[in-house]
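Have a look at the structure below before the remarks.
The numbers here are math on the coordinates, done by the rules we state, and not lab data. Every value quoted in this text rests on a predicted model; they were computed, and no experiment measured them. All Cβ positions, glycine included, derive from the backbone under ideal geometry; neighbour counts span all protein chains shown.
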Amino acid sequence: MDEIIKKQVSHEEIWRVFRIMSEFVEGFETLSRIGPAVSIFGSARRMKRDERYYKIAETTAFLLSKMGLAIITGGGPGIMEAANRGAKNAGGQSIGLNIQIPVEQKPNRFIKTILQFRYFFCRKFMFVKYAQAYVIMPGGFGTLDEFFEAITLIQTGRSEPFPVILVGKKYWQGLIQWFNTTLLRAESISKKDLAIFEVVETPEEVVQIIKNFNLKSAKNKGNKR
């Protein structure tokens, strides 16, 4: 009986590996063709189009799309819908990386290119690999997860630095204060770690940070030649 159970478990694990591989392959094949992109994160909670952060996300995506950047979101409602709407309205590439979860997340209607993921870690890898910048709008645990993933990769040198931008000073002020009063005082992080990300208020500030970063990167590449 034990041998039968072991064989069954082994069989299931093997098929899980193939499912994981297929998600990576499909992601690589699709996203490798989109060119420069920005990943935008934020709450999946439904909100009206006239709500402040919905409008900010929509405008941010619109302006970035006009710069020739593809917009990648988690594909769901709320802030993600706003960003995909902005990208579509600008005539840009509007991409959604949807996740299959017990409480079904239906893709929003403004996505032009959609990928479905079963595994969070495959999806998170695609967000990082194909984004030149992370724009973090107000959100919950999922949004925080993406934020901490990005700053950890940069802090540990596992990723080259790229813009990580928190939008909404009032929303994020408690977290930033905790970084300064708890983590920094306990020497759990260093002062330079706080420079990995920036906190802004408007779409225009987001655009300017990304423009400045791209100009600086281009200049550095030119100096190395």
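Going by the alpha-carbon gyration tensor, a ≥ b ≥ c the square roots of its eigenvalues, is the stretch 25-119 rounded (a/c under 1.5) or, if a/c is not under 1.5, prolate (a/b greater than b/c) versus oblate? Taking the square roots of the gyration eigenvalues as a ≥ b ≥ c, the stretch 25-119 is oblate. Listed by chain and number, the aspartates and glutamates placed with their C-alpha closer than 15 angstrom to that of residue 129 are 23, 26, 29, 146, 149, 160; residues fewer than eight positions away on the same chain are left out.
Is it possible to state the helix-based mean residue ellipticity at 222 nm for the chain, with each DSSP H run of 4+ residues giving -39500 (n - 2.57), the sum divided by total residues, to the nearest 500 deg cm²/dmol? What is it? Let's see the in-between values first.
Details: 7 runs with 113 residues, N = 225.
One gets -16500 deg cm²/dmol as the mean residue ellipticity at 222 nm.
Computed over all pairs of different Cα atoms, the Kirkwood value for the hydrodynamic radius of the chain is 18.6 Å. A protection proxy built from the mean count of other Cβ atoms within 10 Å ranks the segments 68-74, 15-21, 52-58, most packed first, as 68-74, 52-58, 15-21.
Here's the picture: charge each Lys and Arg Cβ at +1 and each Asp and Glu Cβ at -1 in the stretch 89-218, and of 101, 155, 199 the one pushed furthest to the positive end of that dipole is 101.
Working from Cα pairs under 8 Å separated by at least six residues, relative contact order for the chain is 18 percent. Here the Gaussian network model covers the chain, with springs between Cα atoms less than 10 Å apart; of 67, 137, 80, 67 fluctuates the most.
Give 66/88; 48/88; 124/191 a once-over and call out the pairs whose C-alpha atoms are over 20 Å from each other. Going by Cα-Cα distance, 124/191 fall outside the 20 Å limit. Taking the Cα centre of the stretch 95-178 as origin and assigning +1 to Lys and Arg Cβ atoms and -1 to Asp and Glu Cβ atoms, the resulting dipole is close to 240 debye.
Dipole check for the chain: with +1 at the C-beta of Lys and Arg, -1 at the C-beta of Asp and Glu, and the Cα centre as origin, the magnitude is about 720 Debye.
For the chain, the longest principal axis of the Cα atoms and the long axis of helix 203-224 meet at an angle of about 80 degrees. The C-alpha atoms of the chain define a longest principal axis, and helix 79-89 lies at about 70 degrees to it. The residue list 80, 131, 143 was ranked by how far each Cα lies along the charge dipole of the stretch 52-182 toward its positive end, using unit charges on Cβ atoms, and 80 comes out on top. Taking a sphere under 11 Å around the Cβ of residue 117 and counting the other residues whose Cβ falls inside, with K and R at +1 and D and E at -1, yields a net charge of +2.
Helix 141-155 and the long axis of the chain differ in direction by around 70°, with both axes built from C-alpha atoms.
Near residue 62, once Lys and Arg are set to +1 and Asp and Glu to -1 for all other residues with Cβ below 11 Å from its Cβ, the sum equals +3. Oblate is the label for the stretch 125-207. Its Cα gyration tensor axes, ordered a ≥ b ≥ c, give a/c of at least 1.5 and b/c at or above a/b.
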